[in-house]
Amino acid sequence: MPLPSVDELSDDLLHTPLCDLLGCRYPLILAGMGGVARAELVTAVTLAGAFGFLGMVREPPELIQEEVAKVRQGTSAAFGVNLIPAATEPGLLTRQVELCIALAVPVVGLFWNVSPSVIGALRAAGIKVVHQVGSVAEALQAQEAGAHALIVQGTEAGGHVRSRQGLDELLPKVLAVAGIPVAAAGGIAAGADVARLLTQGAQAAVLGTALLATRESFAHDFHKLRVVQARATDTILTEAFHVNWPPNAPVRVLKNSVTSGQRGDPFRSPATVIGHELERPIYLFSTDSPLRTMTGDYEAMALYAGCGVEHIREIVPAGQRVASIVAEAVAARGKARRAAVGVASPVCYADETGDDQTTEALRPQILARLDELLEAERAGARLTLRTAAELQDDSLRELVDLVHHDEVKWCAMLARQIRKLHGTPSTRTGAFYDKAIGIGDLPERLAFLNRGQGWVVRKLRELMPMVADPEIVHELGEMLDAHRTNIDKVNDRLAHGGDGPS
Ligand SMILES: Cc1cc2nc3c(=O)[nH]c(=O)nc-3n(C[C@H](O)[C@H](O)[C@H](O)COP(=O)(O)O)c2cc1C
């Protein structure tokens, strides 16, 4: 019998619903790198089976139109355009969005502050919206504004970094509350990392730096060469490159004369031109990275790079990089699956008394109950986030924030246990959310939240005796105790007077 090809194996081991949403074969996404991800690179990764975003931040509509046309000449597959509303002058942003709609661009990727009006306009025109986010709160904002999918970015990422947490810390938290597909970004350059993130529940991996160091990327060779020579410790998060961006926007770059302070104070020095892109001057401390079309002092420009640089040792065609990452990811997923089949019993929570059959028979019921709890906790997480933002009383807001963090934590725990039992965590949000958010009076809403928390406690009490795995029982027990404590705290606080007029 012939052995299956990498393509056949990858369909089995890597394909996710997000691939169907985006229209690509592999769960790999070229990041919409401004300046760097032009038509040549997008076409190359698309032809290799990945999905590509054109990096069009602040670009004039004429260039966007040209680049979209070039991609369409090279491939009939779907692709995306990346825009950054917060870093774009409003008039230009309107023209960019109108153009994407007129060109019927299949997908638009957005980053930085969530702009409900931009998401709404794109959605209404039938364009899929993918939003890159850096926190749980932002993920919920983007989801509520209508994004079809999210990219969770960790602090390991190259370029502008929205997150304050590493990917492994933030991803499970966002996965816990998201009702839409989630991709992961930041420091990913090896197939084993792609496999690990898919196992955690991400539906795709976003590649920035790994695809910057390819023949087709529009980055200047100086930048590509610095990337292939670098180690993760050669990268640094800094706010030194700030000109032409909103404030407080750290970037991950390769260390250079700017990050070591040799070029002066980024916030006090006079404007200095260090290069040109055709007629356009490039300023010291600006966010422009060196591109093929630039001349000047490349060393002092923003040499964006993520922590995955370690894995990138040569400049290769983009299709080759996609293919090797796919092959590594397939091998890692295949190995993990063989290990699971060979070592574990079909269900890993077998009762220590040996009553495997009873616990196996209960598995669908346990999974259904865990899913029901997950949906309820997700409703709680969304409700407490929104409610905390509306509260005027600081101490009450702190308390609701605390309940929110607990709800996020339990969502992550429930999703993890569902996966451990070979289930797929539900992405739905409990109907409780819609009922509760409709209650305008905040103390009344919190009293309703507490009744919901009481329901969770009852459900946990029913579920715990059905479960044999001591680790799951322990975690459900902790969740139960935390809910009882939070119910008491909120009741106590409400008894002593609630929030002022809202
Ligand atoms: C050179 C470069 C430019 C970037 N420009 C953008 C951009 O214009 N828009 C955007 O959404 N993200 C941008 N990013 C961030 C990526 O979306 C993504 O989060 C990051 O590349 C992932 O980390 P990695 O580089 O380690 O793969 C950029 C990243 C790099 C490396």
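Just so you know, all these numbers are worked out from the coordinates, no wet-lab data involved. Worth saying up front: this structure is predicted, and the values here are computed from it rather than measured. Using ideal geometry, Cβ is built from the backbone for each residue, glycine included, and neighbour counts are taken over all protein chains shown.
Observations on the model:
- All Cα pairs of the chain, percent lying beyond 28 Å: 57
- Calculated translational diffusion coefficient of region 9-218 (25 °C, 0.890 mPa s; Stokes-Einstein with Kirkwood radius over alpha-carbon pairs) equals 147 µm²/s.
- Using alpha-carbon coordinates, inclination of helix 470-495 to the longest axis of the chain, degrees: 90
- Value of relative contact order over the chain, rounded to a whole percent, pairs C-alpha under 8 Å and six or more apart: 12
- Region 354-420 - convex hull of the alpha-carbon atoms, volume per residue in Å³: 76
- In summary, the lysines within cross-link reach of K255, defined as a Cα separation below 17 angstrom excluding same-chain residues under 8 places away, comprise K224.
- Nitroxide proxy distance, nm - points 7 Å out along Cα→Cβ at S260 and D221: 2.5
- The phi-based Karplus calculation (6.51 cos²θ - 1.76 cosθ + 1.60; θ = phi - 60°) puts the 3J(HN,Hα) values of region 452-466 at x, 5, x, 4, 4, 4, 4, 5, 5, 4, 5, 6, 3, x, 7 Hz, whole numbers, x for Gly and Pro.
- Helical runs (DSSP H, four residues minimum) scored at -39500 (n - 2.57) apiece and divided by the length of the chain put the mean residue ellipticity at 222 nm at -16000 deg cm²/dmol.
- The string of couplings for region 46-54 from the Karplus curve (6.51, -1.76, 1.60, θ = phi - 60°) is 5, 5, 8, x, 8, 10, x, 9, 6 Hz, one whole number per residue in order, with x for Gly and Pro.
- Prolate/oblate/rounded label for region 221-310 (Cα gyration tensor, a/c 1.5): oblate
- Placed amide H near V206: partners under 5 Å, 5+ positions off or other chain: I29, A184, A185, G186
- For region 172-263, the Cβ-based charge dipole about the Cα centre amounts to some 140 debye (Lys, Arg positive; Asp, Glu negative; other atoms uncharged).
- Under-5 Å amide H pairs with G80, H placed in peptide plane, nonlocal only: G52, F53, L54
- For region 152-206, the relative contact order is 34 percent, taking Cα pairs closer than 8 Å that sit 6 or more residues apart in sequence and dividing their mean separation by the residue count.
- Amide H to amide H distances under 5 Å link I282 with I274, G275, H276, E277, where only residues 5 or more positions off or on other chains count and H is placed in the peptide plane.
- Inter-label distance for V457 and N244, nm, one decimal - labels placed 7 Å from Cα along Cα-to-Cβ: 5.8
- With Cα atoms, 0 to 90° folded angle of helix 394-420 axis to the chain main axis: 90
- Counting only alpha carbon atoms, the long axis of helix 318-343 and the longest principal axis of the chain meet at about 20°.
- Candidate lysines - alpha carbon under 30 Å from K435, same-chain residues fewer than 8 apart omitted: K128, K173, K409, K459, K489
- Whole-Hz couplings from phi, Karplus 6.51/-1.76/1.60, listed for region 26-35; x for Gly and Pro: 10, x, 10, 10, 6, 5, x, 6, x, x
- Cβ crowding within 10 Å averaged over residues, with 286-296, 229-239 ranked highest first: 286-296, 229-239
- Peptides ranked, highest mean first, by Cβ atoms within 10 Å: ranges 413-420, 274-281, 166-173: 413-420, 166-173, 274-281
- Of the trypsin sites (Lys or Arg not before Pro) in region 233-270, the ones in a loop by DSSP (not H, G, I, E or B) with at most 12 other beta carbons within 10 Å are R268.
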